[in-house]
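To start, the structure under review is shown below, and the notes come after it.
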């Protein structure tokens, strides 16, 4: 293609948008509204996923060890636990440290534990952190088989319920986002289809004066791209500004301190790019699909 | 220039528009297509620029076998054929100049070529000074002349006109005929479907009469009705 032709395609794409003002407006509005909803849901879903991850990360395996083993055996068990697949790391907590921690946790009532230093009822233990919290049950089963391990505790029963709930929340999020993305595609491509249907005469004429299909597609392709990108700008700004203020509100409010939201960066960049990408893609795709119907003349 | 051998056209709804159609139009001919509505004139025209394909038979346009050409070559074929319709088919959002330049841009002509050639063709159809008017600011006759200018701008070997005077008053119709005659004198083959008795009788050109999908009369200097 000559560069003058590419320039003309851009000129035609932009001119078409300007001269079909109301159609352009409705197409951009359709993109704006659907992407705004998608952007809000996406930001919510990403944060919920983040919160759920944090909760899951707190799952750990406590491995209580027999009292009568020497340091060498202790180190061997440590190495063995570390070698299991899916184990991220282990921390050793001696029975003395364990007691200290327990006292701290009990606060005012720690006097109840006084005098226990001599006959510490706790065991030495390893705290095992796993890479994927969902694997905790399998790894715990394996650890039970290790010699000199007295007890393995990972919150059995409680953890399974937690994971059932978090999986459920994630799936709902995914279904919701996919559903919305398809709705957005359908709505936007339909609106673009309408704008193109009004120009079927123009396409017909281009064919009659000997334009190739590729030549005819270009301005529509450019127009669709611009419609999608323009339609994505407002939702991106609204979602990001809204999120920025939400973060400020949450961080300034002590009663909401438990809400550990994702920091503005990189989520702002991710959501911005996703919305822009979807807008551009749907715009181009919608107009190419629609032009295709008219190219059979 | 245009040859058809035993061409049949049956539409999906069962209507048979052409049955065993034979014709041979030479380079530089000026041909009137006459016949009642539904006789097959429009189908014949659509077959020439391959908007329709024959059910059977062979069609050659400027040496191209239309049955054999791929869809990419269809664009090439149409660049060599100028087409004018009864309803002008101008783009209402483009000016006169832009409507004509539109056809040159499709062929990736440079801006210099466009600037040079558009005024020439406007001269030829007598529309100098209307470059920047929009179609709705022109009379029917003027709009049809824009359409002719657009059809001519790429110097096609054939100009096909489907009832070009159908929507015009007699005065404007004659102006269009004068333009077409001048173009024909420059060597362009012209095929014009018409119901305008007066024009056909006065111009004394070759007349091909079509009825029920067949050529029923082909006279060198014919009239509208069978003499």
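The values are calculated or read from the model by the stated rules, or taken from the named source; none is laboratory data. Please read all numbers here as calculations on a predicted model, not as lab measurements. Cβ coordinates were reconstructed from backbone atoms using ideal geometry, including for glycine residues, and neighbour counts include every protein chain displayed.
Going residue by residue through segment A:144-160, is there one that turns out to be within 14 Å of chain B (Cβ to nearest Cβ), at pLDDT below 85 and surrounded by fewer than 17 Cβ atoms within 10 Å (Cβ to Cβ)? Quick ask: steps written out before the conclusion?
Residues of segment A:144-160 within 14 Å of chain B (Cβ to nearest Cβ): none.
No: segment A:144-160 contains no residue that is within 14 Å of chain B (Cβ to nearest Cβ), at pLDDT below 85 and surrounded by fewer than 17 Cβ atoms within 10 Å (Cβ to Cβ).
Test residue B:154 against the criterion of being in a loop (DSSP other than H, G, I, E, B), under 21 Å from residue B:2 (Cβ atoms) and more than 13 Å from the chain's Cα centre (by Cα), and give yes or no.
Yes.
Among the residues of segment B:202-222, is there at least one that is in a helix (DSSP H, G or I) and either more than 14 Å from every other protein chain (Cβ to nearest Cβ) or crowded, with 22+ Cβ neighbours inside 10 Å (or both)? Checked segment B:202-222: at least one residue is in a helix (DSSP H, G or I) and either more than 14 Å from every other protein chain (Cβ to nearest Cβ) or crowded, with 22+ Cβ neighbours inside 10 Å (or both).
None of B:102, B:30 is at the interface with chain A (Cβ under 10 Å from one of its Cβ atoms) and within 24 Å of residue B:150 (Cα to Cα) except B:102.
This table checks each residue for (1) more than 21 Å from the chain's Cα centre (by Cα); (2) surrounded by fewer than 19 Cβ atoms within 10 Å (Cβ to Cβ).
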position: A:269; (1), (2): no, yes
position: A:273; (1), (2): no, yes
position: A:286; (1), (2): yes, no
position: A:289; (1), (2): yes, yes
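Within this structure, residue A:47 passes the test of being surrounded by 15 or more Cβ atoms within 10 Å (Cβ to Cβ), more than 25 Å from residue A:196 (Cα to Cα) and either at pLDDT below 85 or away from chain B (no Cβ under 14 Å) (or both).
Determine which member of the set A:210, A:214 is assigned to a loop (DSSP other than H, G, I, E, B), free of Cβ contacts under 8 Å to residues at least 60 places away in the same chain and under 21 Å from residue A:5 (Cα atoms). Walk me through it before giving the result.
Numbers: A:214 fails: assigned to a loop (DSSP other than H, G, I, E, B).
The conditions single out A:210.
Please indicate, with yes or no, whether at least one residue in segment A:30-45 is in the same structural domain as residue A:191 (by TED's automatic domain parsing) and closer than 30 Å to residue A:138 by Cβ.
There is at least one residue in segment A:30-45 that is in the same structural domain as residue A:191 (by TED's automatic domain parsing) and closer than 30 Å to residue A:138 by Cβ.
What do you reckon, is residue A:24 modelled with pLDDT of 85 or more and part of a helix (DSSP H, G or I)? Considered against the rule, which asks whether it is modelled with pLDDT of 85 or more and part of a helix (DSSP H, G or I), residue A:24 comes out as no. Taking the listed residues A:210, A:214, the one that is on the phi > 0 side of the Ramachandran plot and within 14 Å of another protein chain (Cβ to nearest Cβ) is A:210, with no other qualifying. Look at (1) surrounded by 13 or more Cβ atoms within 10 Å (Cβ to Cβ); (2) in contact with a helix residue (DSSP H, G or I) (Cβ under 7 Å, 6 or more places away or on another chain); (3) more than 8 Å from chain A (Cβ to nearest Cβ) and you find that residue B:92 fails only one, number (1). Answer yes or no as to whether residue A:14 is within 14 Å of another protein chain (Cβ to nearest Cβ), surrounded by fewer than 18 Cβ atoms within 10 Å (Cβ to Cβ), free of Cβ contacts under 8 Å to residues at least 24 places away in the same chain and part of a helix (DSSP H, G or I). When the stated conditions are applied, residue A:14 does not pass them.
Scan A:63, A:93, A:40 and give me the residue that is within 30 Å of residue A:241 (Cβ to Cβ), away from every other protein chain (no Cβ under 14 Å), touching a helix residue (DSSP H, G or I) at 6+ places or on another chain (Cβ under 8 Å) and touching a residue at least 24 places away in the same chain (Cβ under 8 Å).
Details: A:63 fails: within 30 Å of residue A:241 (Cβ to Cβ); A:93 fails: within 30 Å of residue A:241 (Cβ to Cβ).
Step by step, each of A:63, A:93, A:40 is checked, and only A:40 is within 30 Å of residue A:241 (Cβ to Cβ), away from every other protein chain (no Cβ under 14 Å), touching a helix residue (DSSP H, G or I) at 6+ places or on another chain (Cβ under 8 Å) and touching a residue at least 24 places away in the same chain (Cβ under 8 Å).
Report, by residue number, each residue of segment B:115-132 that is assigned to a loop (DSSP other than H, G, I, E, B) and crowded, with 16+ Cβ neighbours inside 10 Å.
From segment B:115-132, those assigned to a loop (DSSP other than H, G, I, E, B) are B:125-132; that's our starting set.
Once the filter is applied, which keeps residues that are assigned to a loop (DSSP other than H, G, I, E, B) and crowded, with 16+ Cβ neighbours inside 10 Å, segment B:115-132 yields B:125, B:126, B:127, B:130.
Of all residues in segment B:64-87, those satisfying the criterion of being free of Cβ contacts under 8 Å to residues at least 60 places away in the same chain and more than 9 Å from chain A (Cβ to nearest Cβ) are B:64, B:65, B:66, B:67, B:68, B:69, B:70, B:73. Checked against the criterion of being within 13 Å of another protein chain (Cβ to nearest Cβ) and surrounded by fewer than 16 Cβ atoms within 10 Å (Cβ to Cβ), segment B:140-148 contains not a single residue that satisfies it. For segment A:121-133, filtering for residues that are surrounded by fewer than 16 Cβ atoms within 10 Å (Cβ to Cβ) and farther than 16 Å from residue A:89 by Cβ leaves 1. Of the numbered criteria (1) touching a residue at least 40 places away in the same chain (Cβ under 8 Å); (2) surrounded by fewer than 23 Cβ atoms within 10 Å (Cβ to Cβ); (3) within 11 Å of chain B (Cβ to nearest Cβ), the one residue A:219 fails is (2).
Just to be sure, is residue A:6 within 24 Å of residue A:238 (Cα to Cα) and either surrounded by fewer than 17 Cβ atoms within 10 Å (Cβ to Cβ) or modelled with pLDDT of 85 or more (or both)? Working first, answer last.
Details: within 24 Å of residue A:238 (Cα to Cα): no; either surrounded by fewer than 17 Cβ atoms within 10 Å (Cβ to Cβ) or modelled with pLDDT of 85 or more (or both): yes.
The answer is no for residue A:6.
Taking the condition in contact with a helix residue (DSSP H, G or I) (Cβ under 6 Å, 6 or more places away or on another chain), assigned by TED's automatic domain parsing to the domain that holds residue A:181, farther than 26 Å from residue A:185 by Cβ and assigned to a helix (DSSP H, G or I), does residue A:250 pass? So residue A:250 fits the description; yes. Screening the candidates A:247, A:273, A:205, A:259 for the property of being without any contact (Cβ under 8 Å) to a residue 12 or more places away in the chain and away from chain B (no Cβ under 14 Å) yields one hit, A:273.
Take the residues of segment A:178-202 that are in a helix (DSSP H, G or I) and within 14 Å of chain B (Cβ to nearest Cβ): which is surrounded by the most Cβ atoms within 10 Å (Cβ to Cβ)? Write out each step before concluding.
Of segment A:178-202, the ones in a helix (DSSP H, G or I) are A:178-197, A:200-202.
Cutting the leftovers down to within 14 Å of chain B (Cβ to nearest Cβ) gives us A:195, A:200-202.
Numbers: A:195: 24, A:200: 14, A:201: 13, A:202: 21.
Filtering first and then ranking leaves A:195.
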